[in-house]
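Working notes for the structure below.
The values are calculated or read from the model by the stated rules, or taken from the named source; none is laboratory data. What you are looking at is a predicted structure, and each value in this text was computed from that prediction instead of being measured. Counting neighbours? That spans all protein chains shown, and the Cβs are built from the backbone with ideal geometry, glycine included.
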Amino acid sequence: MASEQLPLVPDLLHAVPMQRIDFEQTRFAINLAFAGGVSGGLFSDALEKATIAPSTWAPTAFAGDLFLQRFVAQCFKIQIGKVSPTSVNGHLLRLLAQPPDDSEVVGFRRFILAELVQSAQCRASLESLYLDIARLRGLFESTGAMRIWDANRRKLDILQTFKQIIDTMADAFETASSGLRRLSEFGSLIRSSEPYRALADLIGYDAELATMNLRLSIGADGRIRNFQIAAIRENTDNAFVNPVWRRWLAKLELFARGYRLSESEVMARLVDSVFSGLELPFVALVQCFGDLEFYLGALGFRDRAQGAGLAVCLPDFVGEDDARTLHGLFNPLLLMSGVVPVPCDLDFEGHSSTMLITGPNSGGKTRLLQSLGLAQLLAQGGVFIPARAGRVRWASGLIASLIEETKADQMEGRLGMELVRIRALFESLPPGAMVILDELCSGTNPSEGEQIFELVVSMLNRLRPQAFITTHFLTFAARLEQSGKISGLGFLQVELDPQRRPTYQFTAGVARTSLAAHTAERLGVTGEQLLLLIEQNVHKHHALRQVRN
Amino acid sequence: MPTFLTTRKMSPELAKRVRASVSGRRVDSKTRALPRLGSILRVGAVLAVIAVAALVVSNNRRANAEVARQRDTLLARVRAETADVTQQQLAIGRRVESLVADAAGVYAGDWVADELKGEDAFSKALGRQMVYVRGPLAKLGSPAGFKESAAESFKDAFSSCLLDPPTTRTERALSNKARAALGQRGAAPSSIERIQAALISLPLLLPEWQARVRSADVAELSKLAATLSKAPIGAAKRAMKADLLLLVIDEPGDTQGPTELDGERPHWVRVQMVQLATGAVQLRLRLRVDPSWISPSVRAEHASGIDSCALALDVRARVGASPTRHAAEGMQGPRATR
């Protein structure tokens, strides 16, 4: 193989293979790392700067509100047996935050994941491959910590690990039917190349320059009394084996050329000559490492959900006017917080583009919005969504507004900021996007807020988004439901049990109450409880004054 | 640029990369001079090492050749020296030691072979090559004593007067002979050789010494060469080729009388002449010497020498070969007592 032109990159993320990392820069970094000149950051630097498939999604519009970074770090954490390798979260975050706008890419990824779920052997091979590349990463990036180590041995270990990786790729995925087959094609291509044969010869040369047959005489006490060399056979078939006199001349030649006069210097030159033929395949492995993390992270999410008794799925995509369903939808952020979330089933009519969600405080509305946003994001990323089954519509983007942060330098009051948020929403919202808004227009008096609310909802409808908006304007919502003057508007309410406690399920309709009193009672904000707190404080204050006097 | 790291089994691509890994260091123009200089220095160092190694090898070869030459020279010299020496002659040391030990035993009585009797016969016998040993009876019986006596057996008044007797047997004539013999201690008469020369040089002529020469290193070889140079090989060979052993054994002296300043006192002396080849005794006499007749002024200095010279004259007289006149100046020397 002409190493200068890499005809195939084992891209597992895109239907059409892409060279996504900066090959030249990574190649330079790998050369430096191989020589022991740098330490750390090679893989993460390359992957975090990697280009990704074109996407219409803008991560700034939702990543913070959906706690995406935390989701990646905790839900996509890779666990292989007892080993938990350090993954490049920045790369994973970028991959998930910018789902491809090409449905073929999504299908490509789903096919791979489906095969990994169906074939335990395939998954085990992928995990083994990932661990090998992670070991390679460790050998490259921990040079600083291993200065006392023999440099040649480290390089040979790198080459040996590389060979193992290529062998695994070529052999373990030969029968794969999904995009995983690219690993086999890549491995086979490398294995049939001249640099690989040189690599195999070098490893053979390192392991067996010669074979010596010894005849040992063992005494009655079990100790060696005598030994004789029965035969010595040099591995003359190996391309690197030179006669002794040439090895000596080679050492002298290297000394004359400015190297040290030692056997290790000869080996160093041979190692470098083999490595230089494999630079580009090494670079390809860096990209491949990021791809494997994507799938193993997704499988890790699936494992965690299943461990909590929750099911995930690869949802079906439906047309714009088809009904959508999310059954067994749960909030993975709750799962990572140690709470087992209560899954809910949602069904949306095909014509409903905007859903108004009402219900009591702490009834799960905001959590539902997070779940919906994450489910859409993951579905379009081609990975498992936090639902048992799902039929989702393709979205051109996601805009989420769930967190109301007060900033020290904000120029507007709460209503002003609310209006700025609405303005920004319409500035960036493409047609067919998903919008999730929590408590729209809650920063002003209800009568004025309702007017703005109605304006926003009616305007949103023109872009035919999948909008999910929570509100406590219950009367207003009920009026909208009854009037039906805004087309495509649907209503969901938090279901309450007979004791009027939220079940964290959602049904069609508008809630009658926000159950603020219940929440206040649950959180200790009743008249009796507040009086008790006041008396307690007064008593404490008097006691302090007596002590001081 | 070719390199010794490549092999014929390598693919052309790999060989190219190996060559590149050896020579393809990236250097910018600012630092290019330094590696080039370093490379030159290293090449110079390699050449210097090779030159030194070649010099060492060359010197070593030259030194080895010189050693071989020295060894060959030494061995050739030894071979030349031993070319005309028989194995029997090489065994003269043991032979003489054995004869001396026999003579130091019980005295077998006086005996003079017929072929020695008479002036002419005795002179003829004395003209044959002889080795001379003289020592006290107490020492000559043992190997160590023999070697000690052999080392101390120089030309003395006895051998001198035996071969070249004074014309008169006066005190003056005898003392002159004794004084002359004392002055020429190292030089034996032409027909008499010290056995000591043979004893010293014999080891150098034996095969064992040649084997030592063959295995010697430079330092050892020069020592061996010096030893051979100092050895009295000529005298040794003459001793080895001698026909006769002239042996003088001094029996213990009388204890009653005075002892002279040079240790001389009255005592019996055994004189023997033995054929070395056959061991046949040609002459065996037991004679007494007594310095008491010598005037006190001369006796103090030359009693032993005068006695020895007188002994020689007595021997000659006993074989009928001494026409020496007595009492030339009114003083008579002692007569041998039997």
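Assorted remarks:
- Screening residue A:291 with (1) under 30 Å from residue A:75 (Cα atoms); (2) at the interface with another protein chain (Cβ under 10 Å from one of its Cβ atoms); (3) of a type outside the set (Lys, Arg) gives one miss only, at (2).
- Given (1) touching a Gly at 6+ places or on another chain (Cβ under 7 Å); (2) closer than 16 Å to residue B:244 by Cα, index of the condition residue B:118 fails: (2)
- Residues satisfying the stated conditions in region A:20-51, i.e. part of a loop (DSSP other than H, G, I, E, B), modelled with pLDDT under 90 and not hydroxyl-bearing (Ser, Thr, Tyr): A:36, A:37, A:38, A:40, A:41
- Filtered residues of region A:54-92 (kept if farther than 22 Å from residue A:428 by Cβ, assigned to a loop (DSSP other than H, G, I, E, B), among the β-branched types (Val, Ile, Thr) and in contact with an Asp or Glu (Cβ under 7 Å, 6 or more places away or on another chain)): A:78, A:88
- Within the option set B:83, B:76, B:48, being surrounded by fewer than 12 Cβ atoms within 10 Å (Cβ to Cβ), within 14 Å of another protein chain (Cβ to nearest Cβ), more than 20 Å from residue B:195 (Cα to Cα) and not basic (Lys, Arg) holds for one residue only, B:48.
- Residues within region A:265-284 that are assigned to a loop (DSSP other than H, G, I, E, B) and more than 8 Å from chain B (Cβ to nearest Cβ), tallied: 1
- Pair list, Cβ under 9 Å, 6 or more apart: region B:200-217 residue among the hydroxyl-bearing types (Ser, Thr, Tyr), other residue assigned to a loop (DSSP other than H, G, I, E, B): B:201/B:231; B:201/B:232
- Test: residue in region A:123-141 that is over 16 Å from residue A:286 (Cα atoms) and modelled with pLDDT under 95: no
- So residue B:11, is it surrounded by 11 or more Cβ atoms within 10 Å (Cβ to Cβ) and either more than 10 Å from every other protein chain (Cβ to nearest Cβ) or modelled with pLDDT of 85 or more (or both): yes
- Filtered by the rule that a residue be surrounded by 17 or more Cβ atoms within 10 Å (Cβ to Cβ) and not in a loop (DSSP other than H, G, I, E, B), region B:273-285 gives B:273, B:274, B:281, B:282, B:283, B:284, B:285.
Residues checked against (1) at pLDDT 85 or above; (2) closer than 27 Å to residue B:67 by Cβ:
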| position | (1), (2) |
| --- | --- |
| B:158 | yes, no |
| B:176 | yes, no |
| B:179 | no, no |
| B:218 | no, yes |
| B:241 | yes, no |
| B:250 | yes, no |
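- Checking each residue in region B:119-173 for being of a type outside the set (Gly, Ala, Ser), within 23 Å of the chain's Cα centre (by Cα) and either in a loop (DSSP other than H, G, I, E, B) or not assigned by TED's automatic domain parsing to the domain that holds residue B:287 (or both) picks out B:128, B:129, B:154, B:155, B:156.
- Test: residue in region A:206-225 that is of a type outside the set (Lys, Arg), crowded, with 17+ Cβ neighbours inside 10 Å and part of a helix (DSSP H, G or I): yes
- Residue A:492 being touching a helix residue (DSSP H, G or I) at 6+ places or on another chain (Cβ under 9 Å) and among the aliphatic types (A, V, I, L, M): yes
- For region B:228-257, a residue qualifies if it is part of a helix (DSSP H, G or I) and loosely packed, with under 13 Cβ neighbours inside 10 Å, and the qualifying residues are B:229, B:230, B:234.
- Which listed residue, of A:473, A:468, A:491, is in contact with a Phe, Trp or Tyr (Cβ under 7 Å, 6 or more places away or on another chain) and under 28 Å from residue A:326 (Cβ atoms): A:473
- Residue tally, condition of a type in the set (Gly, Ala, Ser), surrounded by 19 or more Cβ atoms within 10 Å (Cβ to Cβ) and not in a helix (DSSP H, G or I), over region A:163-191: 3
- Close Cβ contacts (under 7 Å, 6 or more residues apart or on different chains) running from residues in region B:119-144 that are without any contact (Cβ under 8 Å) to a residue 40 or more places away in the chain to residues that are crowded, with 17+ Cβ neighbours inside 10 Å and not basic (Lys, Arg) comprise B:139/B:145; B:139/B:149.
- All of B:270, B:288, B:265 fail the test of being surrounded by fewer than 19 Cβ atoms within 10 Å (Cβ to Cβ), among the basic types (Lys, Arg) and under 20 Å from residue B:138 (Cα atoms), apart from B:288.
- Selection from region A:249-264 of residues that are facing another protein chain (nearest Cβ under 7 Å) and without any contact (Cβ under 8 Å) to a residue 12 or more places away in the chain: A:249, A:252, A:253, A:255, A:256, A:257, A:258
- For region A:226-247, a residue qualifies if it is surrounded by 15 or more Cβ atoms within 10 Å (Cβ to Cβ) and facing chain B (nearest Cβ under 9 Å), and the qualifying residues are A:238, A:239, A:240, A:241, A:242, A:246, A:247.
- Tallying residues that are in contact with a helix residue (DSSP H, G or I) (Cβ under 8 Å, 6 or more places away or on another chain) and on the phi > 0 side of the Ramachandran plot within region B:95-122 yields 0.
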